[in-house]
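Engineer: To start, I am sharing the structure in question, which I have written as structure tokens.
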Amino acid sequence: MPAISRSSRDESREILLHHVQTPDAIMERERILFTDDFLAALATGDPSRWFSLELFVEAFFSLICSHSTMLAWFTSLTGGVHDKTLRPYPRQADIFPDDFALHFDAADPCWESIRSNDIIILDAASDSPAWMTALRHGAREIAIIPFHGDNAYTLILLGSNHAGYFSQLGERALLFPGLARNSLVEVSRRSLCDPLTGLPNRQLFWEQMQREVAQSNRRQTLMGLVLLDLDHFKQVNDMHGHPAGDALLQEATNRIKTILREGDTCARLGGDEFGLLFPDLVQPDDLKNICGRITEAFRVPFVLTPDVTVHVSVSMGMTIYPLDNASLDRLVANADLALYSSKRSGRDQCQIYSIDMVYEARNLASHIALCQEALQNKRFVLFYQPIVKVVGDVQHVVALEALLRIHEETGEVLSPSAFFEALDHPSMARKIGYFVLESAVAQAAAWQREGIFININVNISPRYFLHHDFLSDIDTIFGNHIDIKADYFTIEITEYAPVHDFENTGSIIKNLNKRNIKVSLDDFGRGSTTLTELQTLELSELKIDMSFVKHIVNNPRHLAIAATMVNMAHTLGLRVVAEGIENKEQLQLLRYMHCDFFQGYLIARPMSADALPRWLAARSRPSRIRRRFQFSRRGQRPQPSPA
């Protein structure tokens, strides 16, 4: 749009004002003002403000009233599409009496203008309603101009002290600014909407959130903000292609929209992330109920094509304004904290922001910083804890579990509790996991050069285990240590990996088995792995979580659970390791259950790589241990080799 010279506009006005004073010329001047001031405001203002009807009214009508010699004032009334009351915008309320409210009355010209969507002209001398006489600034005529949009009704009231002004001005001049504004909004909205789903994009969502917060303040109501992520969306793209992912996003959009109320907002913020706004909430439970319905809707499988059906749940984080009385940036950040908490807690749920999440986020940040510093300055070290088989009164070492530690400059050794939150974080999982694998393989090679041949169990975080480069990292590490055999190693994973992505977990386990690397399910009993999943996954070993071992001596239920786990694992052809053995009574009970292997402080505490050979030498010769007790493949109980 070409720039309009302010000097030329002013010159034209002066000519019309001072040299042409006929009534027709004056009205033509007024009509020009409506167009000229609209273009002037458009050329000099921020285009994004035209999305807000309140900002549009204030920008344009302030300008026209300051230039017109026949317009006395303007103001506006607004109300939600379901409201039965109209109230003035706060910054434009000085025309009305204090606490003015116009309640629904079908005969009132304001409500008639909303119903008919027509401009109505009021003449103070004949048909003025009661509220017109109560205005602080009088007028001979008032024009009521209706606007529908932004989930609200808005009426612009223009006051003039010249009788017949609006009739002479003509409806076209009064309609032009609104129609032009709506056209601009429509053109801009196309650039601010997601082309795949048709939803508002991030920028439009942000502007709508600003309006909803302002509306919440005016109405003294609650406004809910929800961030929503599709669980396992990446796996759908990877397995079925991007067209399937696009179809999933479109169907997800449809499911969300069927649950939203009129006036709610759903936007696609990017990827598989959606933003939701819920104005006019009465109580926090209203938002929880809506989110609960969304969660349930996503538990129904998605049929993307006749041949592709996927199961995708949602994780949501929410916060409520003004209970969370924060800035817009902070509101979004708080909802994001709640979303992250939902994901950490197992996904397929919605959590509401709490101040505890801030502390958790700070704790996570400190753990990440600690791990980054440890990687950079080579302070990560591996300690090793023996796993034994007990024959008679003799404990035979069959494996070592590699355990990560941080060696501080002060000499202090930090256990994982000091940095646990960072181990499965997206920015750290692969870096740490690769270090642990490479260090364990390198240490095994060093020990074998000293004549120590022993199996090593390595813990891998779920995120790294499911990473698309995990298997290639395995190949790279063993390719760098060709003198070490992969069958000396067992990968330990927690139940979170199969719960998060069962199909991918199963595929990776099969590929590890092809490389002669065994897989152990660690901390069994803490997750939700089903018997069917255990039967399907090609595991070699199951480790009973120490929380069940701890109380087996004094708690019959824990004893029964542990015994059931051992029997079930053996039925499935799996070896069983009991973790957390701290006293002889626990060991005796587990031996009575025919548990295969044992690990805990009763046997040995984790020790450095340098200390381990001395500890082994004091107990037995590792080379003979390797020969006497060979790990078996799935479906076979471990058997001693011939002497």
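Engineer: Using a basic spin-label model with each label point 7 Å from the Cα along Cα→Cβ, how many nm lie between residue 118 and residue 313?
Structural biologist: Inter-label distance under the simple model: 5.7 nm.
Engineer: Follow-up question, since we're still on this one. What ranking do 492-501, 508-517, 404-413 get when scored by the average of other Cβ atoms within 10 Å per residue, highest first?
Structural biologist: Sorting 492-501, 508-517, 404-413 by mean packing, highest first, produces 492-501, 508-517, 404-413.
Engineer: Okay, next question. To the nearest 10 degrees, how steeply does helix 328-344 sit against the main Cα axis of the chain, on a 0 to 90 scale?
Structural biologist: On a 0 to 90 degree scale, this one is about 30.
Engineer: Of all alpha-carbon pairs in segment 348-427, indicate the percentage at a distance above 21 angstrom.
Structural biologist: 49 percent
Engineer: At a threshold of 8 angstrom on Cα-Cα distance, excluding pairs fewer than six apart, so keeping six or more, what relative contact order does segment 234-293 reach in percent?
Structural biologist: On the way: 33 pairs, mean separation 12.2, N = 60.
Relative contact order comes out at 20 percent.
Engineer: May I pose another question? With every protein chain present, what is the per residue accessible area of the chain (1.4 Å probe, Å²)?
Structural biologist: 47 Å²
Engineer: May I ask you to give the percent of accessible area on the chain that is carbon plus sulfur, with a probe radius of 1.4 Å? Spell out each step's value before the answer.
Structural biologist: Values: 15520 of 30140 Å².
The value for the chain is 52 percent carbon and sulfur by accessible area.
Engineer: On C-alpha positions alone, give me the angle between the axis of helix 355-376 and the longest principal axis of the chain, in degrees, nearest 10.
Structural biologist: Tilt relative to the chain: about 50 degrees.
Engineer: Taking Cα pairs under 8 Å and at least six residues apart, what relative contact order does the chain come out at, in percent?
Structural biologist: RCO, the chain: 7 percent.
Engineer: Also, quick follow-up: Divide by every residue of the chain the summed helix terms, -39500 (n - 2.57) for each DSSP H run of at least 4, and state the resulting mean residue ellipticity at 222 nm, rounded to the nearest 500 deg cm²/dmol.
Structural biologist: -14000 deg cm²/dmol
Engineer: Return the unpartnered cysteines for the chain, using a Cβ-Cβ cut-off of under 4.7 Å.
Structural biologist: Among the cysteines of the chain, those whose Cβ sits 4.7 Å or more from every other are 65, 110, 193, 266, 371, 595.
Engineer: If you don't mind, another one. Run the 1.4 Å probe and let me know the accessible area of residue 253, rounded to the nearest 10 Å².
Structural biologist: 0 Å²
Engineer: Further question: Could you tell me the extents of segment 400-448's C-alpha atoms along the three principal axes, largest first, rounded to whole Å?
Structural biologist: 33, 29, 18
Engineer: Hey, another quick one. Straight-line reach from residue 584: which lysines fall under 25 Å, measuring Cα to Cα and dropping same-chain residues less than 8 apart?
Structural biologist: By straight Cα distance, residue 584 reaches 389, 543, 550.
Engineer: Restricting everything to alpha-carbon atoms, can you work out Rg to Rh for the chain with a Kirkwood hydrodynamic radius? List each step's numbers first, then the result.
Structural biologist: Details: Rg = 35.9 Å, Rh = 30.4 Å.
Reported Rg/Rh, Kirkwood definition of Rh: 1.18.
Engineer: Here is a follow-up. Give me D for segment 288-339 in µm² s⁻¹, whole number, from Stokes-Einstein with Rh from the Kirkwood sum over alpha-carbon pairs, 20 °C and 1.002 mPa s.
Structural biologist: Working: Rh = 13.0 Å.
Once the numbers are plugged in, D ends up at 164 µm²/s.
Engineer: Separate question: Find the percent of Cα-Cα distances in segment 499-557 that exceed 18 Å, and round it to a whole number.
Structural biologist: Roughly 42 percent, once rounded to a whole number.
Engineer: Against the longest alpha carbon principal axis of the chain, how many degrees, from 0 to 90 and to the nearest 10, is the axis of helix 6-19 turned?
Structural biologist: 20 degrees
Engineer: Can you return the lysines within cross-link range of residue 288? Criterion is Cα-Cα under 20 Å, with same-chain partners fewer than 8 residues away left out.
Structural biologist: Cross-link targets: 257, 343.
The values are calculated or read from the model by the stated rules, or taken from the named source; none is laboratory data. If you're wondering where the values come from, they're calculated on a predicted model, not measured in any experiment. Glycine gets a Cβ as well: all are built from the backbone with ideal geometry, and neighbour counts include every protein chain shown. To get the accessible areas, we keep the full protein, side chains included, count just its heavy atoms, and leave off ligands, DNA and RNA. Shrake-Rupley method; radii C 1.70, N 1.55, O 1.52, S 1.80 Å.
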